[in-house]
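Reviewing the structure listed below.
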Amino acid sequence: MQESLLSANDKPGLRSPWPSRYPALTIIFALVAIAATAAALYVWRGQRSAVAQITLAQTQARRAEQTFKAGESAIDTFVANLTDRLANAKAIPPQEIPALLGDVESAVGTLVTKTDNDPEARRIQGAMYIQFSSTYLARGNVQLAVASARKGSDIFRALAAAAPNNDEIQSNVGLSLQRLGEALRANGDIKGGLGADRESLEIARALASKEPGNRQFRTDVVLALWRLASAGDEPRTRLTEALKILKNLKLAAMLAPDQEEWITTIEDDLSRMP
């Protein structure tokens with residue numbers, strides 16, 4: 001039941017709902033490329049792939065200068081790949097992670113400032129903080145995981161308030177709350193974690209009701225229910241509802257093969273409940 005807003009192997013960054021509007025701003029991407037490359041050098045030092053990785057990074061940076069669309073995609077990819085590597089680079093002491101990510105945070109902050117808080121630049125920043133939260137959580141720094149997830153969630157809330165009819169950004173709020181709930185629970189705030197997950201579910205329900213033909217929005221409801229059930233929040237009721245949704249989606253031929261397997265998994269979970 002893995003569903004990450006921000007998995008490097010799934011979708012780097014959150015869903016992007018806005019067109020690019022600042023072609024000239026791609027020069028600023030060089031700041032992000034420098035920061036990410038510097039941190040990546042630390043991560044990859046001593047590995048045979050170092051030269052190839054840095055060469056690829058530099059090539060992407062040069063290409064990104066051609067259009068802001070390329071730039072935003074490359075920034076998302078840089079941040080996602082870097083945070084994923086830091087999360088798994090056990091040789092790096094956890095206390096050194098904030099300094100490495102701080103350079104990227106500063107560069108993206110400059111991007112936001114130079115674009116006068118352009119929504120797409122803010123989206124990149126919000127996704128960056130959610131990625132940071134995942135890294136901090138993986139390395140055991142739950143306080144910074146919570147702080148980063150909250151920053152990301154706050155950014156997406158602000159974007160959603162400015163674009164109330166934009167379903168994709170509304171969905172991003174819900175997905176960011178997923179990470180916040182995870183971080184809060186890891187920090188011992190069970191009530192806060194449940195609150196974030198319940199709000200995420202409400203957002204997912206509203207979007208699925210608005211667009212019943214949108215498979216992503218409807219499976220977001222399933223996953224939100226599943227998370228709450230796993231956290232002990234009315235597990236039988238939550239799983240029963242999730243199962244019903246999945247079966248309806250299967251009848252409508254709206255599930256991918258791996259999603260169809262969720263039906264068996266949930267049925268097994270329900271069968272083991274008293």
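The values are calculated or read from the model by the stated rules, or taken from the named source; none is laboratory data. Keep in mind it's a predicted model, so treat the numbers as computed, not measured. Here the Cβ positions follow ideal geometry from the backbone for every residue, glycine too, while neighbour counts run over all protein chains shown.
Applying the set (1) out of contact with any helix residue (DSSP H, G or I) (no Cβ under 9 Å at 6 or more places or on another chain); (2) within 23 Å of ASP167 (Cα to Cα); (3) not in a loop (DSSP other than H, G, I, E, B) to LYS244 leaves exactly one unmet item: (2).
Out of GLY140, GLY174, one residue alone is touching a helix residue (DSSP H, G or I) at 6+ places or on another chain (Cβ under 8 Å) and not in a helix (DSSP H, G or I). It is GLY140. For the condition in contact with a Leu (Cβ under 7 Å, 6 or more places away or on another chain), at pLDDT 95 or above and among the basic types (Lys, Arg), ARG218 qualifies.
Looking at the structure I just gave you, is LEU255 part of a helix (DSSP H, G or I) and either among the aliphatic types (A, V, I, L, M) or at pLDDT 95 or above (or both)? Answer is no for this residue. Examine region 248-264 for a residue that is free of Cβ contacts under 8 Å to residues at least 60 places away in the same chain, in contact with an Asp or Glu (Cβ under 8 Å, 6 or more places away or on another chain), of a type outside the set (Val, Ile, Thr) and surrounded by 13 or more Cβ atoms within 10 Å (Cβ to Cβ), and state whether such a residue exists. Checked region 248-264: at least one residue is free of Cβ contacts under 8 Å to residues at least 60 places away in the same chain, in contact with an Asp or Glu (Cβ under 8 Å, 6 or more places away or on another chain), of a type outside the set (Val, Ile, Thr) and surrounded by 13 or more Cβ atoms within 10 Å (Cβ to Cβ). Please tell me if ILE130 is in contact with a Lys or Arg (Cβ under 8 Å, 6 or more places away or on another chain), within 21 Å of GLY193 (Cβ to Cβ), in a helix (DSSP H, G or I) and without any contact (Cβ under 8 Å) to a residue 40 or more places away in the chain. In short, no. For region 104-125, does any single residue satisfy the condition of being crowded, with 19+ Cβ neighbours inside 10 Å and within 21 Å of GLY195 (Cα to Cα)? The answer is no; no qualifying residue exists. Evaluate region 75-91: report whether one residue or more is modelled with pLDDT of 75 or more and either surrounded by fewer than 18 Cβ atoms within 10 Å (Cβ to Cβ) or part of a helix (DSSP H, G or I) (or both). The answer is no; no qualifying residue exists. Only one of the listed residues (LEU249, LEU207) is outside the structural domain of GLY174 (by TED's automatic domain parsing) and within 21 Å of GLN178 (Cα to Cα). That residue is LEU207.
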